[in-house]
1. Just the residues that are open to solvent by less than 60 Å² (accessible area, probe 1.4 Å) and either over 20 Å from Ser186 (Cα atoms) or modelled with pLDDT under 95 (or both), please, taken from region 56-73.
2. When you scan region 111-151, how many residues do you find that are of a type in the set (D, E, K, R) and open to solvent by less than 10 Å² (accessible area, probe 1.4 Å)?
3. I'm checking my understanding of the structure. Among residues of region 197-218 that are more than 20 Å from Tyr153 (Cβ to Cβ) and not hydroxyl-bearing (Ser, Thr, Tyr), which one is least open to solvent (accessible area, probe 1.4 Å)?
4. Say we look at region 236-246 and pick out the residues that are more than 20 Å from Ile180 (Cβ to Cβ) and either modelled with pLDDT under 95 or of a type in the set (A, V, I, L, M) (or both); which of these is surrounded by the fewest Cβ atoms within 10 Å (Cβ to Cβ)?
5. Restricting region 89-110 to residues that are assigned to a helix (DSSP H, G or I) and of a type in the set (Lys, Arg), which is least open to solvent (accessible area, probe 1.4 Å)?
6. Do you know which of the residues in region 75-88 that are open to solvent by 20 Å² or more (accessible area, probe 1.4 Å) and out of contact with any helix residue (DSSP H, G or I) (no Cβ under 6 Å at 6 or more places or on another chain) is nearest to Gly46 (Cα to Cα)?
7. Being in contact (Cβ under 8 Å) with a residue 24 or more places away in the chain and either within 19 Å of Ile50 (Cα to Cα) or touching a helix residue (DSSP H, G or I) at 6+ places or on another chain (Cβ under 8 Å) (or both) is the filter here; which residues of region 94-108 pass it?
8. Could you tell me which residue of region 38-50 is most open to solvent (accessible area, probe 1.4 Å), considering only residues that are under 16 Å from Asp70 (Cα atoms) and part of a loop (DSSP other than H, G, I, E, B)?
Amino acid sequence: MVKKLITRKKFIATAITGIAGIRLINNSVKAESSENPALKRIGNTGLSVIPVCFGATRTNEESLIRYAVDKGLNFIDTGRVYSNGNNELLVGRALTGIRKNVVIQSKIKLEWNELPSKGKGKKGAGEIRKALMSKLEASLKALNTDYIDILLYHDALDEKLLFHKETMRFFSDMKKDGIIKVKGFSTHNEYMNLPARNNSEKFYDIIMVPFNHKGSFIHSVSGRFSEWDQDKLISILEEAYNKGTE
């Protein structure tokens, strides 16, 4: 791959003016105190959060999450697979009594080995729905809540699963029933075909991808190196933003 870099200066300038789903800094975000941070509307979702999400993945202390919320952080990210489900339990305990003050983002995903019929026919569709429902129910129980604000399809790799009719039907039904408020997916930038396809499908409300000025990263746990074409990514995300996807 021929890597196209973006300078730190250009990265900051782009973020400030606002690109795609990552308007981390905008005119509404002033130098306000941490006691009264400005809120940012997330695309067309109806949700508003401060421009920094608290990633609870590596957190082992409930008190740290509560302290963050007390200081104005109202956006918490977790996932079903993190610490074998224990991270969601931690977040659920930490938010006891203050759940309504916080936007929770969690994640579930499908694995091919869970789908004997490989998504084919009515049986395959049933297997997909059963697997997703089982994981969503486990997340709701662990988080001690009856709804999840943002539910992402986690670490999407395969268009066949992410855009399978039954996967999409499941997310639509859960949103319609109020069990989730926003549907989305996370993926890494080796799979830019996924956010690009969503620009055509216009189905998922939120896309979560790595983004920094270097156009690469080394995973802090696995040590895996990843890099991407920054200009291509920005173009895809700008198109997503213009279509209402955050």
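1. First, the residues of region 56-73 that are open to solvent by less than 60 Å² (accessible area, probe 1.4 Å): 56-57, 59, 65, 68-69, 72-73.
Across region 56-73, the qualifying residues are Thr57, Thr59, Ile65, Ala68, Val69, Gly72, Leu73.
2. Total meeting the criteria: 1.
3. Step one: list which residues in region 197-218 are more than 20 Å from Tyr153 (Cβ to Cβ), which gives 212-218.
Add one more test, that the residue is not hydroxyl-bearing (Ser, Thr, Tyr), and what stays is 212-215, 217-218.
Numbers: Asn212: 42, His213: 44, Lys214: 114, Gly215: 0, Phe217: 43, Ile218: 118 Å².
The selected residue is Gly215.
4. Narrowing region 236-246 to residues more than 20 Å from Ile180 (Cβ to Cβ): 236-239, 241-243.
After this cut, where a residue has to be either modelled with pLDDT under 95 or of a type in the set (A, V, I, L, M) (or both) as well, the list is 236-237, 241-243.
Values: Ile236: 22, Leu237: 22, Tyr241: 18, Asn242: 10, Lys243: 14.
Among those residues, the one meeting the criterion is Asn242.
5. To start, the set of residues in region 89-110 that are assigned to a helix (DSSP H, G or I) comprises 89-94, 99-101.
Pick out the ones that are also of a type in the set (Lys, Arg) and you get 93, 99-100.
Working: Arg93: 120, Arg99: 31, Lys100: 188 Å².
Filtering first and then ranking leaves Arg99.
6. In the first step, residues of region 75-88 are kept if they are open to solvent by 20 Å² or more (accessible area, probe 1.4 Å); the result is 75, 80-84, 86.
Those left that are additionally out of contact with any helix residue (DSSP H, G or I) (no Cβ under 6 Å at 6 or more places or on another chain): 75, 81, 83-84, 86.
Working: Phe75: 14, Val81: 27, Ser83: 30, Asn84: 31, Asn86: 29 Å.
Checking each candidate, the answer is Phe75.
7. Quick first cut of region 94-108, residues in contact (Cβ under 8 Å) with a residue 24 or more places away in the chain only: 94-96, 98-99, 101-108.
Matches in region 94-108: Ala94, Leu95, Ile98, Arg99, Asn101, Val102, Val103, Ile104, Gln105, Ser106, Ile108.
8. It comes out as Leu39.
The values are calculated or read from the model by the stated rules, or taken from the named source; none is laboratory data. Computed from a prediction, not measured in an experiment: that's the story for all the values here. Cβ coordinates were reconstructed from backbone atoms using ideal geometry, including for glycine residues, and neighbour counts include every protein chain displayed. Just the protein is used for accessible areas: all its heavy atoms, side chains included, with ligands, DNA and RNA removed. Shrake-Rupley method; radii C 1.70, N 1.55, O 1.52, S 1.80 Å.
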